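What follows is calculated from the coordinates using simple rules that are stated; it is not laboratory data. Source: prediction; values computed, not measured. Neighbour counts are summed over all protein chains in view; Cβ atoms, including those assigned to glycine, are modelled from backbone coordinates with ideal geometry.
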Amino acid sequence: AIPLVISITTAVSAKAGILVKDRLAIERMRTVDAVLFDKTGTLTKGEHTVAGIAGAEGVDRDEVLHLAAAVESDSEHPLARAIVAHHGHAHGEGAHASDFRSRTGKGVEATVDGRHYAVGGPALLRELGIEPPNELEGDIDTWSGRGATVLYLIALGDKTKMLGALALEDEIRPEARQAIADLRAQGVQKIAMITGDARAVAEAVAADLGFVEGRDEVFAEVLPADKDQAVAELQKRGLRVAMVGDGVNDAPALARADVGIAIGAGTDVAIESAGVVLASSDPRGVGGVRRLSKASYRKMI
Ligand code: ADP
Ligand code: MG
């Protein structure tokens, strides 16, 4: 009867947009205890827009935007593309930068008009050992509380100084809430989220998605190279883990998980590391994989 089951499974999965690369992943999915979602691009749309700009004392907002867009002009990161696009809408032609360098998971740096700058998030601030000046704190708190990602513009050199901050908003996917509720209804104990983004942002998104304190979990400010450690940590607690992600930096975590699920128009590396690939970016597909797993293996026994 096995060949029949397999052909049924394949037909059902193809119709549901589920590409099964590793049959064992489908078998394991029905016993998974925890589902760990990547935040950006998986639970959120990954399409950022600039929602706020603030300058430190003596620096105007246009200058913050102009310099940040120049520093980000050579970066492929979605946050960088959003800043450059926003600057383009307002001012047309952007400024030019040289000596571009990326600090993975932290930010970027480049020289503009003879001066060296960095743009990045909290991990960059920690590395440089600097904090926002008082006059920026109000805006930063408001933005973070709303779940916006805050990036900082910093002049580097002997007088390292923060010049301003920008807020970038990313929408939560409208289907994400339902995707999570469905997994819970199917008996998944723990929903978790992982991101390189700031803790305040991650907590705001988690609250919006109905994460339950004490049961669900948020891994924030995780560097790309450490994402698979979160999977390992959950596994160490005896949980079977499904990881859902789309990015290059999700690949090691997808490979380490009991079930790795690459979502939507994911990067090639993510697809290669996953046991299951969802054709669409709709996170409700993850519940579909679990249903498929239950249906297939019930028939086999
Ligand atoms: P995620 O895990 O959410 O997909 P990344 O690991 O790509 O995020 O980035 C983590 C953090 O590093 C971002 O939230 C941001 O603070 C910072 N960062 C990464 N790339 C850039 C960039 N090009 N410009 C500014 N900040 C960046
Ligand atoms: Mg991502």
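Quick one: check the C-alpha center-to-center distance for the stretch 63-116 versus the stretch 151-166, whole angstrom.
With the stretch 63-116 and the stretch 151-166 each reduced to a Cα centre, they are spaced 13 Å.
Using only Cα atoms, find the angle between the long axis of helix 176-185 and the longest principal axis of the chain, and express it within 0 to 90 degrees, rounded to the nearest 10.
Once rounded, one gets 30 degrees.
Normalised radius of gyration for the stretch 49-169, please: alpha carbon Rg relative to 2.2 N^0.38 Å, two decimal places.
Relative to the rule-of-thumb radius for its length, the stretch 49-169 sits at 0.94.
Taking θ as phi - 60°, what are the ³J(HN,Hα) couplings along the stretch 291-297 by the Karplus curve (6.51, -1.76, 1.60), each to the nearest whole Hz, with x for Gly and Pro?
Along the stretch 291-297, the couplings run 4, 4, 4, 5, 5, 5, 7 Hz.
How high is the FRET efficiency between Val248 and Ser280 when r is their beta carbon distance and R₀ equals 22 Å, given to the nearest 0.05?
0.65
How long are the three semi-axes of the equivalent ellipsoid for the stretch 139-222, computed from the Cα gyration tensor as the root of 5 times each eigenvalue, in whole Å, largest first?
The three semi-axes for the stretch 139-222 are 32, 13, 9 Å.
Suppose the chain between Arg199 and Lys45 were pulled fully straight at 0.36 nm per residue; how much longer would it get relative to their current alpha carbon spacing?
My answer for the length gained is 53.6 nm.
Pick from Lys21, Lys190, Lys159: which residue has the top mean-square fluctuation in a GNM of the chain where Cα pairs under 10 Å get a spring?
Comparing Lys21, Lys190, Lys159 in the GNM, the peak value goes to Lys159.
Evaluate E = 1/(1 + (r/R0)^6) for His91 and Ala295, where r is the Cβ-Cβ distance and R0 equals 51 Å; express this FRET efficiency to the nearest 0.05.
So, using R0 = 51 Å, E works out to roughly 0.40.
For helix 2-15, report the angle its Cα long axis makes with the longest principal axis of the Cα atoms of the chain; keep it between 0 and 90° and round to the nearest 10°.
Roughly 40 degrees between the two axes.
Report the rotationally averaged projected area of the chain based on its alpha-carbon convex hull, in square nanometres.
16.4
Asp62 to Ala14: extension gain in nm, 0.36 nm per residue of separation minus the Cα-Cα distance?
12.3 nm
For the pair Asp113 and Thr142, how long in nm is the line joining their label points, each one 7 Å along Cα→Cβ?
2.7
Take the stretch 158-301, compute every pairwise Cα distance, and split them into 5 Å bins from 0; I just need the percent in each bin.
Each 5 Å bin holds this share of Cα pairs: 2, 9, 16, 21, 23, 14, 6, 4, 3, 1, 1, 0, 0, 0.
Relative contact order of the chain, please, whole-number percent, based on alpha carbon pairs below 8 angstrom and at least 6 residues apart.
Relative contact order of the chain: 26 percent.
Helix-derived [θ] at 222 nm for the chain: sum -39500 (n - 2.57) over DSSP H runs of at least 4, divide by residue count, nearest 500?
The per-residue figure over the chain is -12000 deg cm²/dmol.
Using a basic spin-label model with each label point 7 Å from the Cα along Cα→Cβ, how many nm lie between Arg237 and Asn134?
For Arg237 paired with Asn134, the spin-label model returns 4.1 nm.
If you plug each phi of the stretch 186-200 into the Karplus form 6.51 cos²θ - 1.76 cosθ + 1.60 with θ = phi - 60°, what whole-Hz ³J(HN,Hα) values come out, in order, with x for Gly and Pro?
For the stretch 186-200, the Karplus-derived couplings read 7, x, 6, 6, 10, 9, 10, 9, 10, 7, x, 6, 4, 4, 4 Hz, x marking Gly and Pro.
Each residue of the stretch 271-276 in turn: what ³J(HN,Hα) in whole Hz from Karplus with 6.51, -1.76, 1.60 and θ = phi - 60°, glycine and Pro shown as x?
Karplus values, whole Hz, x for Gly and Pro: 4, 5, 8, 8, x, 9.
Pick from Glu76, Glu47, Glu217 the residue whose mean-square fluctuation is largest in a GNM of the chain, springs joining Cα atoms under 10 Å.
Between Glu76, Glu47, Glu217, it is Glu76 that shows the largest mean-square fluctuation.
Sequence-distant or interchain residues sharing an amide H contact under 5 Å with Gly52, placed H: which?
Here the answer is Ala167, since their amide H atoms fall under 5 Å of that of Gly52.
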